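The values are calculated or read from the model by the stated rules, or taken from the named source; none is laboratory data. Values in this document were obtained by computation on a predicted structure and should not be read as measured data. When we count neighbours, we look across all protein chains shown, and the Cβ atoms used for this are built from the backbone with ideal geometry, even at glycine.
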Amino acid sequence: PRARILEMTERPALARALWWCSLVDEATLREWLVNIGARSAEQRVAHLLCELLLRLEAVGLTSNGSYDLPLTQVEIADTMGLSHIHVNRVLQRLRAEELITLKNGALVILDVPRLKAFSGFNPNYLHLAEHKGSKEPRR
């Protein structure tokens, strides 16, 4: 293990990649602490939907603000620290506000900027722009 760690000094690209991963992990942890502690249930779920959109966009799995959402309401509830009944109500409200449609596991965000503003979503914590832009040759 120690030898492997020392190897990173000889491979700066690997060291940067691991550093980037730790940045994202810590920033995501901070964001989720805010999510659970300071946001309403509606904002929490909306924030999750925005985060999933951005992460899936980064790997080419979205189309015009839509993506497959194979999560059940129970799974979303567990993730958000809410009851599944409350998640059902939240999703109904987001639909009523014409922010999303969700049918047969397909989510469409009807107004991405509005959903981001509503949830307080700022994508900077994911560091995706920095990572996407770094196309350095492998060493």
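ILE100 fails exactly one of the following numbered conditions: (1) farther than 23 Å from ASP25 by Cβ; (2) touching a Ser or Thr at 6+ places or on another chain (Cβ under 8 Å). What is the number of that condition?
Single failed check for ILE100: (2).
So, in the stretch 13-65, exactly how many residues are aromatic (Phe, Trp, Tyr), without any contact (Cβ under 8 Å) to a residue 40 or more places away in the chain and either more than 29 Å from VAL108 (Cβ to Cβ) or surrounded by fewer than 17 Cβ atoms within 10 Å (Cβ to Cβ) (or both)?
1
Taking the stated definitions as given, is SER83 among the hydroxyl-bearing types (Ser, Thr, Tyr), in contact with a helix residue (DSSP H, G or I) (Cβ under 9 Å, 6 or more places away or on another chain), surrounded by 16 or more Cβ atoms within 10 Å (Cβ to Cβ) and within 22 Å of TRP32 (Cα to Cα)?
When the stated conditions are applied, SER83 does not pass them.
Report, by residue number, each residue of the stretch 66-78 that is surrounded by 15 or more Cβ atoms within 10 Å (Cβ to Cβ) and under 22 Å from GLU31 (Cα atoms).
LEU69, LEU71, GLN73, ILE76, ALA77 - these are the residues of the stretch 66-78 that are surrounded by 15 or more Cβ atoms within 10 Å (Cβ to Cβ) and under 22 Å from GLU31 (Cα atoms).
Within the stretch 89-118, how many residues turn out to be closer than 19 Å to ALA77 by Cα, modelled with pLDDT of 95 or more, of a type outside the set (A, V, I, L, M, F, W, C) and under 19 Å from the mean Cα position of the chain (by Cα)?
1
Quick one: in the stretch 119-139, of everything that is at pLDDT 80 or above and in a helix (DSSP H, G or I), which residue is surrounded by the fewest Cβ atoms within 10 Å (Cβ to Cβ)?
ASN124
Does any residue of the stretch 100-111 turn out to be in a helix (DSSP H, G or I) and of a type outside the set (Asp, Glu)?
no
Of everything in the stretch 1-11, what is exposed (fewer than 12 other Cβ atoms within 10 Å of the Cβ) and either not acidic (Asp, Glu) or not in a helix (DSSP H, G or I) (or both)? Give them in sequence order.
PRO1, ARG2, ALA3, ARG4, ILE5, LEU6, THR9
Restricting attention to the stretch 73-86, which residues are assigned to a loop (DSSP other than H, G, I, E, B) and free of Cβ contacts under 8 Å to residues at least 12 places away in the same chain?
Of everything in the stretch 73-86, just one residue is assigned to a loop (DSSP other than H, G, I, E, B) and free of Cβ contacts under 8 Å to residues at least 12 places away in the same chain, namely SER83.
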